1. Identify the GluC sites (Glu not before Pro) of segment B:6-111 meeting these criteria: DSSP loop state and at most 16 other C-beta atoms within 10 Å of the C-beta.
2. Would you calculate the volume per residue, in Å³, of the smallest convex hull containing every Cα atom of the protein assembly as shown?
3. I'm a student and want to see the number: the projected area of the Cα convex hull of segment B:29-101, averaged over all directions, in nm².
4. Please state, as a whole number in µm²/s, the translational diffusion coefficient that the Stokes-Einstein equation yields for segment A:23-87 at 20 °C and 1.002 mPa s, with Rh defined as the Kirkwood radius across alpha carbon pairs.
5. Over the residues of chain A, compute the C-alpha Rg and express it relative to 2.2 N^0.38 Å.
6. Hey, rough spin-label estimate for B:Ala29 and B:Ile62, points 7 angstrom out along Cα→Cβ, what's it come to in nanometres?
7. In the neighborhood of B:Gly1, defined by Cβ-to-Cβ distances under 11 Å, what is the net charge if each Lys or Arg adds +1 and each Asp or Glu adds -1?
8. For segment A:1-84, which trypsin sites (Lys or Arg not before Pro) are both in a DSSP coil and crowded by at most 16 other Cβ atoms within 10 Å?
Amino acid sequence: DTGVSQNPRHKITKRGQNVTFRCDPISEHNRLYWYRQTLGQGPEFLTYFQNEAQLEKSRLLSDRFSAERPKGSFSTLEIQRTEQGDSAMYLCASSLWGGPINQPQHFGDGTRLSIL
Amino acid sequence: GENVEQHPSTLSVQEGDSAVIKCTYSDSASNYFPWYKQELGKRPQLIIDIRSNVGEKKDQRIAVTLNKTAKHFSLHITETQPEDSAVYFCAAIVSGQNFVFGPGTRLSVLP
């Protein structure tokens, strides 16, 4: 078990471009979460999946953001028409949900996005 | 929905002293409370967690206490060491729902 893996580690792009990040969760984990973290702040929830189903999406999430988990394993997060304010660390986490008891999340190293 | 507050935002202690970080939550249905440590440039790492059916949990120098009536929980680090310096985040979760994190506490342990 190599833990949660995220690619790329860093992404630099010009404003207006589209970017896509990938997250590979711990293999037996059925839940996958995306967060955004800016300097000095806690992780801000974006969206999460149980298997391939997207169960919740933050109300703060612009429609430029979309996430998928087509086969219930890896997930992608796409940001279209990037803006300066999108610059942040994008963290992925996974956990095992078997109900009704929550299990801890395990985080990846994140993808740092810088918009020029 | 759930809202988590965390205090203090920064904390400096002398090596060997204790550090206490407190979090409050709003949703009385929350039943799981993890704490994460994040060193600069690294991923958040789970250090301890507590469920709503217990009031205290200890793991060596780290302990967490939970007061469900007051809706607050605290992280206690004893005999602090320089390697404890990091940002600490609390979180609160309603069963089956997403994790809501506090804004973090930057702990500095001074030699």
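Read the figures in this text as sums done on the coordinates, not as results from a lab. Computed from a predicted model, the values in this text were never measured in an experiment. Note that we place each Cβ from the backbone using ideal geometry, even for glycine, and neighbour counts take in every protein chain shown.
1. Working: sites: B:Glu15, B:Glu39, B:Glu56, B:Glu79, B:Glu83; in loops: B:Glu15, B:Glu39, B:Glu79.
Here the GluC sites (Glu not before Pro) that fit, given the DSSP loop and packing criteria, are B:Glu15, B:Glu39, B:Glu79.
2. Values: hull volume 27.6 nm³, N = 227.
Expressed per residue, the convex hull around the Cα atoms of the protein assembly as shown is 122 Å³.
3. On the way: hull surface 21.0 nm².
Mean orientational projected area (segment B:29-101, Cα hull): 5.2 nm².
4. Working: Rh = 12.6 Å.
It diffuses with D of about 171 µm²/s by this estimate.
5. On the way: Rg = 13.6 Å, N = 116, 2.2 N^0.38 = 13.4 Å.
That works out to 1.02 for chain A.
6. Label-label distance for B:Ala29 and B:Ile62, simple model: 2.9 nm.
7. On the way: positive: A:Arg59; negative: A:Glu56, B:Glu2, B:Asp27.
Neighbour charge sum, excluding B:Gly1 itself: -2.
8. Working: sites: A:Arg9, A:Lys11, A:Lys14, A:Arg15, A:Arg22, A:Arg31, A:Arg36, A:Lys57, A:Arg59, A:Arg64, A:Lys71, A:Arg81; in loops: A:Arg9, A:Lys14, A:Arg15, A:Arg59, A:Arg64, A:Lys71, A:Arg81.
For trypsin sites (Lys or Arg not before Pro) across segment A:1-84 that sit outside H, G, I, E and B with at most 16 neighbouring Cβ atoms in 10 Å, the list reads A:Arg9, A:Lys14, A:Arg15, A:Arg59, A:Arg64, A:Lys71, A:Arg81.
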